[in-house]
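Note sheet for the following structure.
The values are calculated or read from the model by the stated rules, or taken from the named source; none is laboratory data. Note that the structure is predicted; figures quoted are calculated from it, not measured. In this analysis, Cβ positions are derived from the backbone assuming ideal geometry, glycine residues included, and neighbour counts consider all displayed protein chains. Each accessible area value is taken on the protein alone, full model and side chains, heavy atoms only, with ligands, DNA and RNA left out. Shrake-Rupley method; radii C 1.70, N 1.55, O 1.52, S 1.80 Å.
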Amino acid sequence: MTKAGQAASRGTSKVSFARRFANWRLHHRLARRDTLGRMGRHWVSTLLTVLVMGVVLSLPAALSMGVLTLDAALAEVDRGDSITVMTHDSVSLAQASKLSEELASLALVESVSLVSKEQALTELSQWLGLSPEVLASLGNPLPHSISLRLTSTQPEALQAVTDQLANNPFVADVLLDMEWLTRLQSIALFGERLLWAFVAIALLACLLIIGNTIRLAVENRRQEVLVTKLVGANNAYVIRPFLYTGFAYGAAGGLVALLIAYSVKYWLGGPIEALANSYQAPNFALRFPIPLALGLLLTAVVLGIVGAWVSARRQLKLIEPR
Amino acid sequence: MIEFDRVSKRYDSGRDALRELSLFIEPEELVFLTGHSGAGKSTLLKLIMIMERQTRGRVIVNGNDLQAVKGGGIAKHRQDIGVVFQDHQLLYDRSVYDNVALPLLICGFEHRDIGRRVRAALDKVGLLDKEKSNPEALSGGEQQRVGIARAVASRPKILLADEPTGNLDPALSAEIMALFRAFSRAGVTVLIATHDLALISRMQHRILTLKDGALVTGGGRD
C-alpha cells in the first residue's frame, strides 16, 4: 500500500500534525473570509454596532484624558513648601545653617531655605507695621526656621521625614501642612475612582452590546450552526467565525473611540493652551498618551472576543444533546 | 453496525418516545424504519447521531458505546455518519458545491481530494452540472439529492435518512430509494425512516415497525 493510501485508510483521526495544522489554518482563513463577507453584506448593522461601541468606549477615554490633565494641573499647583522646621532658642545661626545643609542632602528633600531669627523678626515687624528696633528691644522670641520642599507630596513620605526630624536635638518643632495635601490627595483619588467607575460601566456596556449582537447572529444562523454540527464540526469550528466577528467589532469600535478621543483633544487643545499661557504653565496641556490609546484598543478587542465567546458558547450549550 | 440494548428515552416534557427498545443492524444492511408519526422514528435517529441521549439502556454504533462519547468525540462520531433530512437542511448562502464540500472541509480532506469527492458524489446523484447553482434554484427532488450527495461525500460507514422521500412524487421517491440501495451494496449501513409503506414493501428489505416507542416487528439479528 502506498503512503497516501495508508494515511487515507487510517481515517481522519490519525492524520499528521502538519496536515492538521494546515487544515486548522485553512479553517481560520475560511472563517475570516466568511466573517468579512457577512459584515460587508450587512454593512448597515455592522456600522451601527461599531459606532455604538466606539461612542461607549470613548467615554472612559475622554474621562481618562480629563483625569490625566487634572493630575498635571495639580502637579503645577503643588509648589508650596511642605515642611517647616523650627530650631531651639539656643541653636546658633551657624548650627542652623549646618542643619539645613544636612537636611538638603536627604533623599526625599528637593530643596531647603533657611530663615534666620533676625530675618523672621524683620518680616514680622513689617507685617505688624512696627520698626524692627522696637521689636528687638523686647527680645527676639522667634526661632531660626528651615523650609523644606520634598520630592514627593505623599503623606507617607512627609511622615517619614517628620519622624526623622523629631529626633534631632536642634529641632524644637516641625510644622507640616498636611491638611491641604490630604485634601489634594482626596480630590485626585476621587477623580481616579470616578474614572474607574466610568471605565467599568463603559466596558460592561461594550461586553453586553457585543454579546447581544453575537447572540442575535448565532440565533439568525442557528440552522447553519445546527447543520454544521450535525455533519461533524466541533465547537471550535462553529465558534471561530463568531470570534472573528467579535474581534472585528472590538477593533473597529476601538478605532472609532480613538478617533472621537483625538477629535476632542484637538477641539479643546486651543482653549487649554490659552489658559495654560495665561497662568505661565507651558507644560499644562491635555494628555492622551500613546500607551493609553493602545490600551484602549487592546481592551476593545479583548472585550469583543470575550463577548463573542461567552455568547456563542451559551448558544451552543442550548443545542447540546441531553 | 448499530445496536440498541433496551433503550428508553423520556423527554423533559414527560413523554416516553422509546420504551425498552432493542435492535441490531448488520454492517452493509439496508433497513427501513416505519411507524405513525410520534412513534419514535426521529428519536431513534437522533440517539444514533447523539443529538439526544437515551434515558436508559445502551446504544452501540461501530463498536462504540455512545454513552461514553462526549465533547469533541461527538463531532468525530458524527463525521462517520451521513445524514439525509426530510427538509434537506441545505445552506442557502452558498453553492451546491460548497454545501456538499462542507463535511469534507470539516473532516480535513485535502483541497484536491475535496474537489474529486464532491464531483463524484454529485455525479452519483446526477447533479454534476448544478455544482455552481444555489440550492434555492433547484427543485425539491434536486435539493434532496444534494442533501444525499452531502451525506455520502465523505464515504461514511453509516447513512441515516429521515423521511427522505417525504415531499416527493412516487417516481422521484423510487429514484431516491434506488440511490440508497446502491450505497448499501457499496458497503454502507443504511437506515431509512419513512412512512411510505407502499414503496418500501416492494423493496424486500428488513422493516422495523415502531409503535408508541416500542418495536412491533423486525428487531432481532435474523
Q: Return yes or no: is residue A:249 in the same structural domain as residue A:29 (by TED's automatic domain parsing), buried (at least 21 other Cβ atoms within 10 Å of the Cβ), under 30 Å from residue B:90 (Cα atoms) and touching a residue at least 24 places away in the same chain (Cβ under 8 Å)?
A: yes
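If a residue has to be within 14 Å of chain B (Cβ to nearest Cβ) and surrounded by 19 or more Cβ atoms within 10 Å (Cβ to Cβ) to count, how many in region A:197-220 make the cut?
Taking region A:197-220 and keeping what is within 14 Å of chain B (Cβ to nearest Cβ), we get A:217, A:220.
In the following step, the residues that additionally are surrounded by 19 or more Cβ atoms within 10 Å (Cβ to Cβ) were identified as A:217.
Counting residues in region A:197-220 that are within 14 Å of chain B (Cβ to nearest Cβ) and surrounded by 19 or more Cβ atoms within 10 Å (Cβ to Cβ) gives 1.
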When restricted to B:162, B:196, B:98, the only residue within 14 Å of chain A (Cβ to nearest Cβ) and more than 30 Å from residue A:26 (Cα to Cα) is B:162
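Considering only residues that are over 30 Å from residue A:189 (Cα atoms) and either under 28 Å from the mean Cα position of the chain (by Cα) or more than 14 Å from every other protein chain (Cβ to nearest Cβ) (or both), which ones fall in region A:40-75?
Kept after step one, since they are over 30 Å from residue A:189 (Cα atoms), are these residues of region A:40-75: A:40-51.
A:43, A:44, A:45, A:46, A:47, A:48, A:49, A:50, A:51 - these are the residues of region A:40-75 that are over 30 Å from residue A:189 (Cα atoms) and either under 28 Å from the mean Cα position of the chain (by Cα) or more than 14 Å from every other protein chain (Cβ to nearest Cβ) (or both).
Going by what's in this entry, would residue A:280 be described as within 30 Å of residue A:229 (Cα to Cα), away from every other protein chain (no Cβ under 14 Å) and at pLDDT below 85?
For residue A:280, the condition - within 30 Å of residue A:229 (Cα to Cα), away from every other protein chain (no Cβ under 14 Å) and at pLDDT below 85 - is not met.
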- prompt: Mind checking whether some residue in region A:162-183 is touching a residue at least 60 places away in the same chain (Cβ under 8 Å), farther than 20 Å from residue A:32 by Cα, acidic (Asp, Glu) and away from chain B (no Cβ under 14 Å)?
  reply: yes
When restricted to A:296, A:255, A:316, the only residue within 14 Å of chain B (Cβ to nearest Cβ) and not acidic (Asp, Glu) is A:316
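Does residue B:57 qualify as being more than 20 Å from the chain's Cα centre (by Cα), buried (at least 16 other Cβ atoms within 10 Å of the Cβ) and closer than 26 Å to residue B:13 by Cα? Spell out the reasoning first.
Working: more than 20 Å from the chain's Cα centre (by Cα): yes; buried (at least 16 other Cβ atoms within 10 Å of the Cβ): yes; closer than 26 Å to residue B:13 by Cα: yes.
Against the criterion (more than 20 Å from the chain's Cα centre (by Cα), buried (at least 16 other Cβ atoms within 10 Å of the Cβ) and closer than 26 Å to residue B:13 by Cα), residue B:57 qualifies.
Let's see how each residue does on (1) touching a strand residue (DSSP E or B) at 6+ places or on another chain (Cβ under 6 Å); (2) open to solvent by less than 30 Å² (accessible area, probe 1.4 Å):
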residue: B:64; (1), (2): no, no
residue: B:79; (1), (2): no, yes
residue: B:82; (1), (2): yes, yes
residue: B:91; (1), (2): no, yes
residue: B:98; (1), (2): no, no
residue: B:109; (1), (2): no, no
* Within the bounds of region B:150-165, is there any residue that is farther than 23 Å from residue A:228 by Cβ and in the same structural domain as residue B:75 (by TED's automatic domain parsing)? -> yes
Residue pairs within 7 Å by beta carbon, gap of at least six or interchain, first lying in region B:43-54 and more than 10 Å from every other protein chain (Cβ to nearest Cβ), second open to solvent by 20 Å² or more (accessible area, probe 1.4 Å), listed first then second, are B:43/B:52; B:45/B:162
Here the residues within region A:109-133 that are open to solvent by 90 Å² or more (accessible area, probe 1.4 Å) and under 29 Å from residue A:158 (Cα atoms) are A:110, A:118, A:119, A:123
Here the qualifying pairs (Cβ atoms under 9 Å; residues six or more apart or on different chains; first in region B:81-93 and more than 9 Å from chain A (Cβ to nearest Cβ); second open to solvent by 30 Å² or more (accessible area, probe 1.4 Å) and modelled with pLDDT under 90) come out as B:86/B:166; B:86/B:167; B:87/B:166; B:87/B:167; B:88/B:140
Sole miss for residue B:126 among (1) within 11 Å of chain A (Cβ to nearest Cβ); (2) over 20 Å from residue A:22 (Cα atoms); (3) open to solvent by 40 Å² or more (accessible area, probe 1.4 Å) is condition (1)
